[in-house]
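What follows is a single structure, and I will ask about it in a moment.
The values are calculated or read from the model by the stated rules, or taken from the named source; none is laboratory data. On a predicted model such as this, the values are computed, not experimentally measured, just so you know. Every residue, glycine as well, gets a Cβ built from its backbone with ideal geometry; the counts of neighbours run over all protein chains shown.
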Amino acid sequence: MPKTKEEEKEVQGRPWKNAAFCTTFDEADKRRNKLIKEDKEGKFQVKVKKLSDRFVVKIRNKFVEEKKDKKTRKRKKNAVRRSNSAS
């Protein structure tokens with residue numbers, strides 16, 4: 001099955017952020033469904049994860065923002081260092 005452009009942009013391994021902590025799964029599931037309904041554009045992924053004593057609702061952005069290349073400054077080859085000029 002060919003992937004759509006949106007599916008191609010998805011990248012595995014992006015970090016999840018904790019949206020809420022709940023004591024029961026039902027409470028966490030309600031919170032998850034509320035977050036999904038609030039997300040009209042479908043930009044986020046939401047999941048419930050069980051911890052040892054509680055449940056956590058996690059959220060992350062589906063798509064990775066394109067990072068701009070950082071411009072680096074090049075040092076001049078003949079530049080005199082300050083430590084050498086002080087002597």
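Can you name the condition, by its number, that Asp29 falls short on among (1) loosely packed, with under 11 Cβ neighbours inside 10 Å; (2) among the acidic types (Asp, Glu); (3) modelled with pLDDT of 85 or more?
Going through the list (1) loosely packed, with under 11 Cβ neighbours inside 10 Å; (2) among the acidic types (Asp, Glu); (3) modelled with pLDDT of 85 or more, Asp29 breaks only (1).
While we're looking at this one, here's another question. Taking the stretch 37-65, which residues are of a type in the set (Phe, Trp, Tyr), at pLDDT 80 or above and within 16 Å of Arg14 (Cα to Cα)?
From the stretch 37-65, those of a type in the set (Phe, Trp, Tyr) are 44, 55, 63; that's our starting set.
Within this subset, residues satisfying the condition of being at pLDDT 80 or above are 44, 55.
Matches in the stretch 37-65: Phe44 only.
Something else now. With under 21 Å from the mean Cα position of the chain (by Cα) and at pLDDT below 90 as the only criterion, which of Lys68, Lys34 stands out?
Details: Lys34 fails: at pLDDT below 90.
From the options Lys68, Lys34, the qualifying one is Lys68.
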